[in-house]
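Structure, as structure tokens:
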Amino acid sequence: MLTLPLSTRGIMRMLPILCFSLTACHSEPPVSNAQPSLSNTSSIETRAQINREASKPVVYQVFTRLFGNTNTTNAPWGTRDENGVGKFADFTPQALASIKALGTTHIWYTGVPHHALVTDYSAYGIENDDPDVIKGRAGSPYAVKDYYNVNPDLALDVANRLDEFEALIARTHAQGMKVIIDIVPNHVARHYHSLSALPGVEDFGAHDDTGVAYARDNNFYYVVDKAFLVPQAKDYSPLGGKPHPLVDGKFDENPAKWTGNGARTAQPDSNDWYETVKVNYGVRPDGSYDFPRLPAQYADKSYQAHREFWQHKNLPDSWYKFRDIALYWLDKGVDGFRYDMAEMVPVEFWSFLNSTIKQHNPDAFLLAEVYQPEKYRDYIYLGKMDYLYDKVGFYDTLKSIMQGQGKVSDLVSVHNEVSDIAEHMLHFLENHDEQRIASPEFAGNAEKGKPAMAVSALISASPTLLYFGQDVGEDGSEDMGFGKPSRTTIFDYAGVPAHQRWMNNGKFDGGQSTPDERALRKFYRQIMAIATTEPAINGAFISLHDSNLQHSDAYSQQQFAFARKQGKHGFIVVANFADTPVKDFTLVLAHNVIESNQPRVTLSPLLSHGSLSATRKGNNYQATMSLAPLETKVYKF
């Protein structure tokens, strides 16, 4: 194991699927109460405080145990005490205001539920976990061992860790943002045991019949009459070979359970999700379903109708266990969930769970990780998901363009393929599973993310996800232990350097950031202000790409021009993905973009550039403009 060219989630995708520059002052710019001029780019940044009617969801993902850590040791396989760990308390009003300044509506606190980890918390009655079945020293946040409490690493007072998280929920709400946490229905930690479950709630597997591979109300699948064997790999040792009393190449599990990604052997491969076990939802080993099917016509029905459909039906036990978990966290004040690997769980379960959640909180935010485009509409309409990752189409194509391999025409095509569900498709450039833009394995330069960020955030009403550190060019280069650099570690204790410089020992003002990092942060603020305040973000998408390819020799597949329009007004985006300039080319604006009879119109800038004068030519308008390397210009009309 474990050269890991891909993240744990990335590995799975190859397996069969079962189921701003700031100048003298470093601080954030103040928020003005005055109505801004549309041509004033510094005012544009504050418009999110003035016009929220045009807002679309913006999710800011924080890897919670890394976010507030100020320790810079970064020793490979370092312990919590060596490398430090962030806490709930690090999310101060200053920290939260810094997050909100990017247009954030929802904070996704990743790694909150108590998962398996190596640090000894036995003094608090918490059982030690076996490093033989843990990835990294801090552990994977997707190997949850107790859904009724939170990761003890994140608390100042471990005994009161749940109270500390509830206080964080309250602080987040006080800043006008909502809280999302992960739920991972497909799998749990190899040794799941809740110390904090509510009365009457039993652990997963507590009453399973372990003498059979499958039973409908078993929570797990079993490899009958065979004990679990720890996977072996020539180039890997738990904890990097550092000594630990529980590292002995053994883990007591008899009979063995199926592994989280669906591996059915007693000894999974080292690239399998061996730290987890797969949850059974009433899907037989042959793939047939042992529960009532949801009629196809329910794709057109409300969540209330879905809720009614499932009432009084006898369903597999795992369905009820995850329903109770979701309702528990909603009652704690959580506002929604990000569902890990949702496509590995039947869509009927999602109909049941999400309709129950919406009955409890109609405004709950439900985001799912799904990588099979042919299943998108089923998970939205039948599964009642609010949002899905737009990875396989939009992200993957945009990444190839950023790397100089793809072409913009392909991006237009994949965007059009989901035009009917565009507002449900979440856009991102980074998250905990993906490589950092600035890593050599991706683009090697955070500047290359600027045109992509503008396109990703402004092309549609799709929600936008930002990953902490993305806005200051974090490169993910730290080799912390489990896995390879290019992604900021999700398995080990670490400090995140560019983010730490922005954090500036809790001031969150960029006081230690480089000029380039501060300039990048300013750009992100400006783009996200446009995305969350311009009414046309919810209007029509008009591609200007094909017409400009035909009419301009300088405009190529490395440039992208498009408009968003609502009524007679909107904005135009012109992005240059090339690291070379595009000089004095003619931008053609189709007749359906600018509705005017004037011979000349002036377009106002929404970023830090000048205005643009366009002249009427026949039915269209044309303008001569230039773009610097990797530059984006946005004009309001």
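Output yes when any residue across the range 254-270 is under 21 Å from residue 76 (Cα atoms) and touching a helix residue (DSSP H, G or I) at 6+ places or on another chain (Cβ under 8 Å), and no when none is.
Taking every residue of the range 254-270 in turn, none turns out to be under 21 Å from residue 76 (Cα atoms) and touching a helix residue (DSSP H, G or I) at 6+ places or on another chain (Cβ under 8 Å).
Just a yes or no: is a residue in the range 205-212 touching a helix residue (DSSP H, G or I) at 6+ places or on another chain (Cβ under 9 Å) and of a type in the set (Ser, Thr, Tyr)?
No.
Have a look at 204, 251 and point out the one that is open to solvent by less than 40 Å² (accessible area, probe 1.4 Å), part of a loop (DSSP other than H, G, I, E, B), of a type in the set (Phe, Trp, Tyr) and within 23 Å of residue 482 (Cα to Cα). Show your work before the answer.
Numbers: 204 fails: within 23 Å of residue 482 (Cα to Cα).
The unique qualifying residue is 251.
Have a look at 596, 608 and point out the one that is modelled with pLDDT under 95 and farther than 24 Å from residue 407 by Cβ.
Details: 608 fails: modelled with pLDDT under 95.
Being modelled with pLDDT under 95 and farther than 24 Å from residue 407 by Cβ holds for just one of 596, 608, which is 596.
What strands (runs of 3 or more DSSP E), lying completely within the range 548-637, carry at least 3 residues that are polar (S, T, N, Q)?
On the way: elements: 559-566, 569-576, 582-589, 600-605, 612-617, 620-627, 632-636.
Counting at least 3 such residues, we get 620-627.
In this structure, does residue 179 turn out to be more than 22 Å from residue 489 (Cβ to Cβ) and buried (at least 23 other Cβ atoms within 10 Å of the Cβ)?
Yes: the conditions hold for residue 179.
Consider only pairs whose beta carbons are under 9 Å apart and that are at least six residues apart or on different chains; among these, list those whose first residue lies in the range 262-282 and is in a loop (DSSP other than H, G, I, E, B) and whose second residue is open to solvent by 20 Å² or more (accessible area, probe 1.4 Å) and among the hydroxyl-bearing types (Ser, Thr, Tyr).
Qualifying pairs under 9 Å: 270/236; 272/265; 280/214; 281/289; 282/289.
Residues to consider are 457, 494; find the one that is touching a helix residue (DSSP H, G or I) at 6+ places or on another chain (Cβ under 9 Å) and within 24 Å of residue 154 (Cα to Cα). Let's see the steps before the verdict.
Values: 457 fails: within 24 Å of residue 154 (Cα to Cα).
Result of the check over 457, 494: 494.
Within the range 534-554, is even one residue farther than 21 Å from residue 398 by Cα and surrounded by 24 or more Cβ atoms within 10 Å (Cβ to Cβ)?
Yes - at least one qualifying residue is present in the range 534-554.
Being aliphatic (A, V, I, L, M), open to solvent by less than 20 Å² (accessible area, probe 1.4 Å) and either touching a helix residue (DSSP H, G or I) at 6+ places or on another chain (Cβ under 6 Å) or over 26 Å from residue 579 (Cα atoms) (or both) narrows it down to one residue among 347, 414, 370; which is it? Before the answer, list the steps.
Details: 347 fails: open to solvent by less than 20 Å² (accessible area, probe 1.4 Å); 414 fails: open to solvent by less than 20 Å² (accessible area, probe 1.4 Å).
Just one listed residue meets the conditions, 370.
Within the range 134-143, which residues are open to solvent by less than 10 Å² (accessible area, probe 1.4 Å) and either more than 26 Å from residue 249 (Cα to Cα) or over 18 Å from the mean Cα position of the chain (by Cα) (or both)? Steps first, please.
Of the residues in the range 134-143, the ones open to solvent by less than 10 Å² (accessible area, probe 1.4 Å) are 134-136, 138-143.
Those that are open to solvent by less than 10 Å² (accessible area, probe 1.4 Å) and either more than 26 Å from residue 249 (Cα to Cα) or over 18 Å from the mean Cα position of the chain (by Cα) (or both): 134, 135, 136, 138, 139.
Among the residues that make up the range 436-455, is at least one of them crowded, with 20+ Cβ neighbours inside 10 Å, small (Gly, Ala, Ser), under 20 Å from residue 543 (Cβ atoms) and touching a His at 6+ places or on another chain (Cβ under 6 Å)? Outline the logic, then answer.
Keep residues of the range 436-455 that are crowded, with 20+ Cβ neighbours inside 10 Å, which gives 436-439, 442-443, 446, 448-455.
Now restrict to residues that are small (Gly, Ala, Ser): 438-439, 443, 446, 449, 452, 454.
If we keep only those that are under 20 Å from residue 543 (Cβ atoms) as well, we get 452, 454.
Next, only the ones that are touching a His at 6+ places or on another chain (Cβ under 6 Å) stay: none.
Looking through the range 436-455, none of the residues is crowded, with 20+ Cβ neighbours inside 10 Å, small (Gly, Ala, Ser), under 20 Å from residue 543 (Cβ atoms) and touching a His at 6+ places or on another chain (Cβ under 6 Å).
Under 7 Å between Cβ atoms, which residue pairs at least 6 apart in sequence (or on different chains) link something in the range 210-228 that is under 14 Å from residue 319 (Cβ atoms) and at pLDDT 95 or above with a partner that is charged (D, E, K, R) and in a loop (DSSP other than H, G, I, E, B)?
That search, which allows pairs on different chains as well, returns 216/290; 218/208; 218/209; 219/208.
Does any residue of the range 320-327 turn out to be outside any helix (DSSP H, G or I) and either open to solvent by 20 Å² or more (accessible area, probe 1.4 Å) or not hydroxyl-bearing (Ser, Thr, Tyr) (or both)?
Residues of the range 320-327 outside any helix (DSSP H, G or I): none.
No: the range 320-327 contains no residue that is outside any helix (DSSP H, G or I) and either open to solvent by 20 Å² or more (accessible area, probe 1.4 Å) or not hydroxyl-bearing (Ser, Thr, Tyr) (or both).
Looking only at the range 231-248, count every residue that is assigned to a loop (DSSP other than H, G, I, E, B), within 31 Å of the chain's Cα centre (by Cα) and either surrounded by 15 or more Cβ atoms within 10 Å (Cβ to Cβ) or of a type outside the set (Asp, Glu) (or both) and tell me the total.
Looking only at the range 231-248, we keep the residues that are assigned to a loop (DSSP other than H, G, I, E, B), and these are 231-237, 242-248.
Remaining after also requiring within 31 Å of the chain's Cα centre (by Cα): 231, 233, 235-237.
Filter again for either surrounded by 15 or more Cβ atoms within 10 Å (Cβ to Cβ) or of a type outside the set (Asp, Glu) (or both), leaving 231, 233, 236-237.
Residues flagged as assigned to a loop (DSSP other than H, G, I, E, B), within 31 Å of the chain's Cα centre (by Cα) and either surrounded by 15 or more Cβ atoms within 10 Å (Cβ to Cβ) or of a type outside the set (Asp, Glu) (or both) within the range 231-248 amount to 4.
Quickly run through the range 335-344 and pick out the residues that are aliphatic (A, V, I, L, M) and surrounded by fewer than 24 Cβ atoms within 10 Å (Cβ to Cβ). Don't jump to the end; show me each part of the working.
Filtering the range 335-344 for residues aliphatic (A, V, I, L, M) gives 341-342, 344.
341, 344, listed by residue number.
Output yes when any residue across the range 97-117 is open to solvent by less than 10 Å² (accessible area, probe 1.4 Å), in contact with a Ser or Thr (Cβ under 8 Å, 6 or more places away or on another chain) and assigned to a helix (DSSP H, G or I), and no when none is.
no
The values are calculated or read from the model by the stated rules, or taken from the named source; none is laboratory data. It should be emphasised that the depicted structure is a prediction, and the values quoted were computed from it without experimental measurement. With ideal geometry, Cβ positions are generated from the backbone for all residues, glycine too; neighbour counts draw on all protein chains shown. Surface areas here come from the heavy atoms of the whole protein model, side chains and all, with no ligands, DNA or RNA. Shrake-Rupley method; radii C 1.70, N 1.55, O 1.52, S 1.80 Å.
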